[in-house]
Amino acid sequence: MTSMAFIDLLRHGDTGHGGRFCGSTDHALTEAGWQQMWMRVEQTPRHWKHIITSPLKRCAHFAQALSERYAIPLTQDARLQEIHFGEWEGRTAAELMQIDAEALVRFWQNPLDNPPPQAEHLLDFKARVLTAWHDIHTRFANQNILLITHSGVMRILLCHLRQQSLQQLLNFDVPYAAMRTVETEWHENSYRLTLKSDKPE
């Protein structure tokens, strides 16, 4: 017997620090960021059985509010945090161009082989995100899930689902409050994942 479920991936909204490398830095949402996220979920008429969120404020605060409003169970998962940018945390691209333009350009061209100094390596980041992803399928089999996370996490999952190299990671456009939907088709103990067409921004 075949059944269908959906996992919706939602990036957090505006934090007022756009353009900065804010991976592990724990910024909260701006008022505009809250509005972006409420607008996005209200455009998605899906009955979620569970919400899973990064513990960082820009994801977790909205996840908590959404959970309370609609009485949806909520789980925090630290493996869904954004990548740590090391010495680049909190800096803008313009600032880094003044400090080490070549390093920044190399990162943009190939983030896999040119990570920021003291940053979490992209392979380690991929490993923790995909471990969480597979655990979610096991724990919440055949349920509609909302996963609230970060652009880097979503890019890892998009690369994985589209079977593309991590070197293509930065080619994906994931703006604030972007949502992507993954269809999960279950058949007995196996499943097939399909990335649905991107929703209009």
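A compact table of results
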item: Hits in segment 60-102 - residues which are touching a residue at least 60 places away in the same chain (Cβ under 8 Å), under 16 Å from the mean Cα position of the chain (by Cα) and in a loop (DSSP other than H, G, I, E, B); result: Gln81, Glu82, Ile83, His84, Phe85
item: Failed criterion for Thr25 (all others in (1) part of a loop (DSSP other than H, G, I, E, B); (2) crowded, with 22+ Cβ neighbours inside 10 Å; (3) not small (Gly, Ala, Ser) hold); result: (2)
item: Residue among Ala141, Ala93, Ala119 that alone is in contact with a strand residue (DSSP E or B) (Cβ under 9 Å, 6 or more places away or on another chain), farther than 29 Å from Leu193 by Cα and of a type in the set (A, V, I, L, M); result: Ala93
item: Residue match in segment 122-137 (condition: loosely packed, with under 12 Cβ neighbours inside 10 Å and either over 18 Å from the mean Cα position of the chain (by Cα) or under 20 Å from His17 (Cβ atoms) (or both)); result: no
item: Residues that are farther than 12 Å from His150 by Cα, assigned to a loop (DSSP other than H, G, I, E, B) and charged (D, E, K, R), drawn from segment 3-22; result: none
item: Test result for Pro116, more than 28 Å from Met37 (Cα to Cα) and either modelled with pLDDT of 95 or more or surrounded by 20 or more Cβ atoms within 10 Å (Cβ to Cβ) (or both); result: yes
item: Residue count for segment 145-201, restricted to those that are touching a His at 6+ places or on another chain (Cβ under 6 Å) and part of a loop (DSSP other than H, G, I, E, B); result: 0
item: Tally, over segment 103-134, of residues that are in contact (Cβ under 8 Å) with a residue 24 or more places away in the chain and on the phi < 0 side of the Ramachandran plot; result: 20
item: Subset of segment 66-108 (residues that are aliphatic (A, V, I, L, M) and either under 30 Å from Ile52 (Cβ atoms) or crowded, with 18+ Cβ neighbours inside 10 Å (or both)); result: Leu66, Ala71, Ile72, Leu74, Ala78, Leu80, Ile83, Leu96, Leu104
item: Among residues of segment 15-53, those that are over 29 Å from Pro111 (Cα atoms) and in contact (Cβ under 8 Å) with a residue 60 or more places away in the chain, counted; result: 11
item: Selection within segment 173-201 - within 22 Å of Leu56 (Cα to Cα) and either in contact with a helix residue (DSSP H, G or I) (Cβ under 6 Å, 6 or more places away or on another chain) or exposed (fewer than 14 other Cβ atoms within 10 Å of the Cβ) (or both); result: Asp173, Val174, Pro175, Tyr176, Ala177, Met179
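The values are calculated or read from the model by the stated rules, or taken from the named source; none is laboratory data. Note that the coordinates shown come from a computational prediction; the quantities given were computed from them, not determined experimentally. Positions of Cβ are backbone-derived with ideal geometry, glycine not excepted, and every protein chain shown enters the neighbour counts.
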